[in-house]
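Below: the structure, in structure tokens.
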Amino acid sequence: MAAEIHAPAFWMRLGIALVWLVFGLLFKALDAVPRHRQIVARVVGTRYARTVTTLVAMGETVLGLWMLYGRYLAVCVAIQTVALIVMNGLELRYARDLLLAPFAMICANIILLAMGWYVVWALN
């Protein structure tokens with residue numbers, strides 16, 4: 001464990017987990033950023049926005065906890081990749097005007113996924 005703490009992949013894994021947990025628990029589940037619910041409403045409608053936002057929050061939280069757990073990371077990062085492609089695609093298609101910085105969002109998500117895949121390769 002001590003050697004693992006000094007490895008960049010360890011800190012990247014923790015950082016990735018934190019991103020998923022903050023976006024899932026804080027921003028969506030606790031509705032700290034209502035814009036996320038508004039984006040979901042554009043995709044599924046206002047009636048189901050809260051329920052779907054909660055489901056997305058649960059999924060993001062699971063991904064964050066999974067990164068902390070550190071097992072089967074290739075599957076975890078593959079799911080993250082699919083999730084971000086789908087979420088970003090839907091956001092750009094239906095709620096682009098609600099996004100603070102669409103290009104920056106895509107760049108940040110590419111970096112997040114690149115770090116995730118680096119972690120997978122570094123730990124195998």
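Here are the numbers for this structure:
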| quantity | calculated |
| --- | --- |
| Enumeration of residues in region 36-64 that are more than 16 Å from the chain's Cα centre (by Cα) and either under 17 Å from G116 (Cα atoms) or in a helix (DSSP H, G or I) (or both) | Q38, A41, R42, V43, V44, T46, R47, Y48, A49, R50, T51 |
| Neighbours by Cβ (under 6 Å, 6+ apart or cross-chain): first from region 39-52, closer than 16 Å to L99 by Cβ and of a type outside the set (D, E); second outside any helix (DSSP H, G or I) and open to solvent by less than 90 Å² (accessible area, probe 1.4 Å) | I39/A95; R42/A95 |
| Qualifying position, being closer than 23 Å to L123 by Cβ and either open to solvent by 40 Å² or more (accessible area, probe 1.4 Å) or of a type in the set (D, E) (or both), among V44, V77, V82 | V82 |
| Unmet requirement for L73, which otherwise passes all of (1) within 13 Å of the chain's Cα centre (by Cα); (2) closer than 21 Å to A9 by Cβ | (1) |
| Residue among A108, A83, A32 that alone is at pLDDT 95 or above, at negative phi and assigned to a loop (DSSP other than H, G, I, E, B) | A32 |
| Whichever residue in region 47-74 is open to solvent by 30 Å² or more (accessible area, probe 1.4 Å) and among the charged types (D, E, K, R) and, among such residues, is nearest to L25 (Cα to Cα) | R50 |
| Pair list, Cβ under 7 Å, 6 or more apart: region 58-70 residue at positive phi, other residue part of a helix (DSSP H, G or I) | G70/R13 |
| Top-ranked residue of region 2-19 - restricted to ones that are touching a residue at least 60 places away in the same chain (Cβ under 8 Å) and part of a helix (DSSP H, G or I), ranked as surrounded by the most Cβ atoms within 10 Å (Cβ to Cβ) | R13 |
| Subset of region 89-105 [open to solvent by 60 Å² or more (accessible area, probe 1.4 Å) and either assigned to a helix (DSSP H, G or I) or of a type in the set (G, A, S) (or both)] | L90, R93, Y94, R96, D97, F103 |
| Positions within region 20-41 being crowded, with 20+ Cβ neighbours inside 10 Å and of a type in the set (V, I, T), in sequence order | I39, V40 |
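The values are calculated or read from the model by the stated rules, or taken from the named source; none is laboratory data. Because the structure is a prediction, the values reported are computed rather than measured. No Cβ is skipped: glycine too gets one built from the backbone with ideal geometry, and neighbour counts run over all protein chains shown. The protein model used for the area step is the full one, side chains on, heavy atoms only, and it has no ligands, DNA or RNA in it. Shrake-Rupley method; radii C 1.70, N 1.55, O 1.52, S 1.80 Å.
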